[in-house]
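First up is the structure itself, then whatever we jot down about it.
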Amino acid sequence: MKAAAQRRRNWAGWLFVLPAAAFYVVFVIQPLAMTVQYSLYSWDGIGVATWNGVQNYLRVFTDPDLFAAILNALKLIVFFSAVPVMLGLAIAATIRRIAASRLALVARTVIFLPQVIPLVAAGITWSWLLSSTGLVNQLLTAVGLEGITRAWLGDFSTALPAVGVIGAWVLLGLCTLLLLAGMSKIDPALYEAARLDGAGPLREFFSITLPSLRQEIGVCVTVTVVAALASFDIVYISTQGGPGNASMVPGLEIYYLAFSEREVGLASALAVVLTVLVIACALPIQWLTRDRSS
Amino acid sequence: MKTARREAWTGRVLLLVLMAATLMPFVSLFVTALHPSGSYPLGLDWPDDPQWGNFATAFTAARMTELLKSSVLIVLGVVPISLVVATMAGFAIGHLRIPGRRFVFVAFVLGLTLPFEGIVTPLYYLARDMGILNTRWAIILPLIGLFMPFSVFWMRAHFVNMPEELSESARIDGASTWQLFWKVHVPLAAPATSSLAILLFLWTWNQFLLAIVLVDDPLQRTMSGALGAFQGQWGTDIPLLCAGSLLILTPTLLVFLIFQRRFVTALLQGSLKG
């Protein structure tokens, strides 16, 4: 009797999930299925769609422009992910001992700012900093590097790295604070013991700090890699993928293909490839760095 | 002892450099905004005659009052609905132990890293067929769906840790599941829901892609989307663009500075869980 009531109640619990599931299915799962469906057709968004099989996918991988966009996204990982995580590790390890000081508390707020402002605003700000008369060139001139000044976002060879610098600036604060929070959970006795054994700061870092931060590093890498692969806002604002195609990324290419060039099928095939790429990168990182105890 | 002191000093210097690197772009933006409209100033030169009026001009040119109103309306649409719906789902999956909860949970978690670009094209046609294209609903409804994986994930993490006894004693007092949820669990979930509210506010306010794809009129978009349009319109007038960008940044900055502790904690926890 009691068990039956319990079971009925448990099934009734589904009513609580229903609204969330409805939003998720209608506005995420359904469009996801539609993306896959569109990707198999040739469609201009208005007329009749014609079956196209895997032709769109073949084009994504053989068209040099489209494939270059995917490669660019992978290159951005260096700037969006490798730089903030490694620099963040170095910074967090250095400021670990003074993490509770007043200066560090102020710094916590300040270095978090890029994470709070719209990416669009970061893009506009940096477009100005990196322009030919901007602050970056002014600083370079001041230290005698006048020779390399240029319009960083407008130059074929520097546009993509310049976009990467903007991403690194946005993500560095988040990574530093995440890693710092992880370090504060490490038992201080470990460090004292290491000191007594005569270990220097470097040894300390590689023997104690780094191994204890497995989970935090995993989070930083996942968040930043996804940000690099799915970048859109910063590129749209700062270079629009240019000059030429030099800083084109899949997210922006999808937008152009679907809404300017009216190649909905091709845009959708690229969207599927991007989605698979993001999941294929995020899942293994998560799995590798998962805290096995929990 | 000596090494410790030296390390503390290196740390302090590093912190100052890091803060300077973070703040410099904002300073440059501010200084540039004070130059005469239409000029091409150098990166960090204080103008001879600061044009404070640029902010007023940008305020009118960007139609800030309408933009603020639009963003607030969108946030008011997304955040409360998401909170209620996700709290209910998190409660059922994490606490009620409904049959098939594992399947439902995994289904939501799979959406966590989904890039918005992956579904934005069909969303356009979907919104068109629903007749909500170019209205704020075209941003609000999809965003609720897109934030659902994280919101459910977040609320479930809270409810898994709620002791079973709490509900049992309420049941003995004759509470239905519905009453149990609203009278006992919703008040206790306040810390989790308020952090989630902060995150959802921020992500909605800063949403750009959906805003530019689904809504043509900048005045019906989020702040971010409007800023994109503002750049398109005033991109050649650098001082005015800088003034406008600063104005559009201000609301998030203010909210951040007021709730900074909660913000930092929520965002750090948010990325840890995500």
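The values are calculated or read from the model by the stated rules, or taken from the named source; none is laboratory data. Only a predicted model underlies this, so the values are computations on that prediction, with no experimental measurement involved. Ideal geometry is used to build each Cβ from the backbone, glycine not excepted, and the neighbour counts take in all protein chains shown.
Of the candidates A:VAL226, A:VAL235, the single residue that is within 28 Å of B:TRP234 (Cα to Cα) and under 20 Å from the mean Cα position of the chain (by Cα) is A:VAL235. For segment A:38-55, the candidate set comprises residues that are in contact (Cβ under 8 Å) with a residue 24 or more places away in the chain and under 22 Å from B:LEU133 (Cα atoms); within that set, the residue that is surrounded by the most Cβ atoms within 10 Å (Cβ to Cβ) is A:TYR38. If I filter segment B:79-98 for residues that are surrounded by fewer than 18 Cβ atoms within 10 Å (Cβ to Cβ), modelled with pLDDT under 90 and in contact with a Leu (Cβ under 9 Å, 6 or more places away or on another chain), do I get at least one hit? Scanning segment B:79-98 turns up no residue that is surrounded by fewer than 18 Cβ atoms within 10 Å (Cβ to Cβ), modelled with pLDDT under 90 and in contact with a Leu (Cβ under 9 Å, 6 or more places away or on another chain).
Scanning segment A:183-209 for residues that are hydroxyl-bearing (Ser, Thr, Tyr) and either surrounded by fewer than 16 Cβ atoms within 10 Å (Cβ to Cβ) or not in a helix (DSSP H, G or I) (or both) yields A:SER184, A:SER207. Taking the listed residues A:ALA4, A:ALA33, the one that is at pLDDT below 85, among the hydrophobic types (A, V, I, L, M, F, W, C), surrounded by fewer than 19 Cβ atoms within 10 Å (Cβ to Cβ) and assigned to a helix (DSSP H, G or I) is A:ALA4, with no other qualifying. The residues in segment A:243-275 that are within 15 Å of the chain's Cα centre (by Cα) and among the hydrophobic types (A, V, I, L, M, F, W, C) can be counted, and the count is 3. As a summary of the residue check, A:GLY200 satisfies the conditions (1) modelled with pLDDT of 95 or more; (2) over 24 Å from the mean Cα position of the chain (by Cα) except for the one numbered (1).
Examine segment B:248-267 for a residue that is in contact with a Phe, Trp or Tyr (Cβ under 8 Å, 6 or more places away or on another chain), in contact (Cβ under 8 Å) with a residue 24 or more places away in the chain, within 10 Å of another protein chain (Cβ to nearest Cβ) and polar (S, T, N, Q), and state whether such a residue exists. Checked against the condition, which is being in contact with a Phe, Trp or Tyr (Cβ under 8 Å, 6 or more places away or on another chain), in contact (Cβ under 8 Å) with a residue 24 or more places away in the chain, within 10 Å of another protein chain (Cβ to nearest Cβ) and polar (S, T, N, Q), segment B:248-267 yields at least one hit.
With respect to the stated conditions, A:LEU160 fails to be without any contact (Cβ under 8 Å) to a residue 12 or more places away in the chain and not acidic (Asp, Glu). Scanning segment B:231-240 for residues that are within 9 Å of chain A (Cβ to nearest Cβ) and either of a type in the set (Ser, Thr, Tyr) or in contact (Cβ under 8 Å) with a residue 40 or more places away in the chain (or both) yields a single hit, B:ILE238. The numbered conditions (1) over 30 Å from A:ARG262 (Cα atoms); (2) buried (at least 24 other Cβ atoms within 10 Å of the Cβ); (3) without any contact (Cβ under 8 Å) to a residue 60 or more places away in the chain are all true for B:THR65 except (2).
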